[in-house]
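Q: One structure follows; several queries about it will come next.
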Amino acid sequence: MALILGPADADKTVDVGPPNPALDAGDVAALFGTSDLTLLYKSNYEGPEEGSYQSFYSTSFTGDPNNAVISWDGPDYIVCPECYLVVKDGNEPQYLFNIGSWNGQDVLDLQGFYPNRGAISHVAIFGKSVPVQVPEPGTLGLLGLGILGMLTIRRKLQKSA
């Protein structure tokens with residue numbers, strides 16, 4: 001599945017004119033009337049990825065780039081009751097999307113940004129993330145053996161009483 005987003009789908013547009021500074025977590029929180037947002041993932045065009053989930057997502061840029069695809073690589077993923085996506089160009093308006101209904105695993109397909117007048121410089125996801133922990137198989141095995149051992153001891157104590 002993919003969540004397809006374009007400029008017309010934006011919940012907010014910010015145009016501060018050149019130079020166009022990147023919005024940070026506090027800026028995005030103020031624009032949406034919330035607080036305590038953090039940078040979860042950011043991908044710069046031809047640059048490094050950032051954020052606490054940088055190892056779990058990748059972004060491919062196409063076009064000028066006017067398009068981007070954010071893909072989940074796993075194993076952890078973003079789960080957030082509040083998530084916001086920012087699509088930025090160096091001199092054009094920044095587009096902000098409330099993606100709180102996104103499940104963190106579907107592809108974010110960004111299409112048609114800044115045609116014939118600019119390019120995507122970076123994409124960023126801010127939010128109040130709820131960490132998803134995937135238990136290790138060895139941990140589950142140890143837990144099962146522990147429970148089995150306790151049941152065995154209990155059964156022996158009941159027989160001897």
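Q: Cα centroids of segment 31-52 and segment 142-161: how far apart, whole angstrom?
A: 49
Q: Go ahead and set up a Gaussian network model of the chain, Cα springs under 10 Å, then flag whichever of PRO18, PRO75, PRO65 fluctuates most.
A: Greatest mean-square fluctuation among the candidates belongs to PRO18.
Q: Jot down the per residue volume, in cubic angstrom and as a whole number, of the convex hull over the alpha-carbon atoms of segment 4-95.
A: It is 114 Å³ per residue.
Q: So how much slack lies between LEU142 and ASN103, counting 0.36 nm per residue of separation and subtracting their Cα-Cα distance, in nm?
A: Full extension of this stretch gives 11.0 nm more.
Q: With a cut-off of 8 Å between alpha carbons and a minimum separation of six or more residues, what is the relative contact order of the chain in percent?
A: On the way: 302 pairs, mean separation 47.4, N = 161.
Contact order relative to length: 29 percent.
Q: Another one. Running a GNM on the chain with Cα contacts under 10 Å, which residue among LEU40, LEU151, LEU85 ends up with the highest mean-square fluctuation?
A: Ranking LEU40, LEU151, LEU85 by mean-square fluctuation puts LEU151 first.
Q: Here's a follow-up. Quick one: accessible area per residue over the chain, 1.4 Å probe, rounded to a whole number of Å²?
A: That works out to 56 Å² per residue.
Q: Additional query: If you take the charge dipole of the chain about its Cα centre, with +1 on Lys and Arg Cβ and -1 on Asp and Glu Cβ, which of LEU148, MET1, VAL107 is farthest toward its positive end?
A: The one lying farthest along the dipole's positive direction is LEU148.
Q: Another question, if that's okay. Ranked highest first by the average count of other Cβ atoms within 10 Å around their residues, in what order do 108-119, 2-13 fall?
A: Per-residue mean Cβ counts within 10 Å order the peptides as 108-119, 2-13.
Q: Counting pairs on different chains as well as pairs 8 or more places apart, how many Lys pairs in segment 4-161 have Cα atoms under 22 Å apart?
A: Taking the Cα cut-off of 22 Å, the pair count is 6.
Q: Taking the Cα-to-Cβ direction at ASP64 and at SER160 and moving 7 Å from each Cα, how far apart do the two end points lie in nm?
A: 8.1
Q: I've got another one for you. Rg and Dmax of segment 36-84 over Cα atoms: what are they, in angstrom?
A: 11.5, 34
Q: If you don't mind, another one. With Cα Rg over 2.2 N^0.38 Å as the read-out, I listed (1) 0.96; (2) 1.00; (3) 1.45; which label goes with the value calculated from this structure?
A: Step by step, Cα Rg over 2.2 N^0.38 Å for this structure corresponds to label (3).
Q: Right, here's the next one. Under 13 Å from a point 7 Å along the Cα-to-Cβ line of ASP11: which residues of segment 24-67 have their amide N that close?
A: Within reach of a label on ASP11, which here means backbone N under 13 Å from a point 7 Å along Cα→Cβ, segment 24-67 contributes 28-35, 37.
Q: Tell me what the chain gives for mean residue ellipticity at 222 nm when only DSSP H runs of n ≥ 4 count, each as -39,500 (n - 2.57), the sum divided by the residue total, rounded to 500 deg cm²/dmol.
A: Value at 222 nm, helices only, nearest 500: -6500 deg cm²/dmol.
Q: Only Cα pairs within less than 10 Å get springs; with that Gaussian network setup on the chain, which residue of GLY47, GLY26, GLY146 has the largest fluctuation?
A: The residue with the greatest mean-square fluctuation here is GLY146.
The values are calculated or read from the model by the stated rules, or taken from the named source; none is laboratory data. Since the structure is predicted, the reported quantities are computational estimates derived from the model, not experimental observations. In this analysis, Cβ positions are derived from the backbone assuming ideal geometry, glycine residues included, and neighbour counts consider all displayed protein chains. Quick note on the areas: whole protein, heavy atoms, side chains included, nothing else; ligands and nucleic acids left out. Shrake-Rupley method; radii C 1.70, N 1.55, O 1.52, S 1.80 Å.
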